[in-house]
Amino acid sequence: MRLHHRDAIERAVGIDHDALAAVGSDSPEKRELDASVLTRADAFVCDTRAQSEGNGELKAFEGGEVPFKVHELGRVIAEGQRLRLSDDTLTVCDLTGTGVQDTAIAGFALSRLVAG
């Protein structure tokens, strides 16, 4: 189910929100967010651009120009990029899932759990 109704969009990306994450079991047939939500983003982060174009939110712009810079999650973390430039910055994150990242997250969560 895509978020597309104007009231729902305003609640999701309203003044008190600074991030919106699209997560789920992605496939070529579906997206979580309407293109109108994506175009309001100041920053867009995804696992990999190719994966988001095929199975994620970037499918909304298939055959056209993406109206924002696409940041890949691994590079954002590795380089310590700061995408939040002000209190009004809206970041949309499209996590379609990659095995390596899922494994790293699970390993981190397990180490925190074991450490107490």
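Laboratory data are not the source of any read-out in this text; all were calculated from the coordinates shown. Bear in mind the structure is a predicted one, so any value in this text is a computation, not a measurement. Ideal geometry is used to build each Cβ from the backbone, glycine not excepted, and the neighbour counts take in all protein chains shown.
General remarks:
- Between residue 65 and residue 87, the C-beta separation translates, for a Förster distance of 30 Å, into a calculated FRET efficiency of about 0.60.
- Three-way shape call for segment 23-114 based on the alpha-carbon gyration tensor, with the a/c threshold at 1.5: oblate
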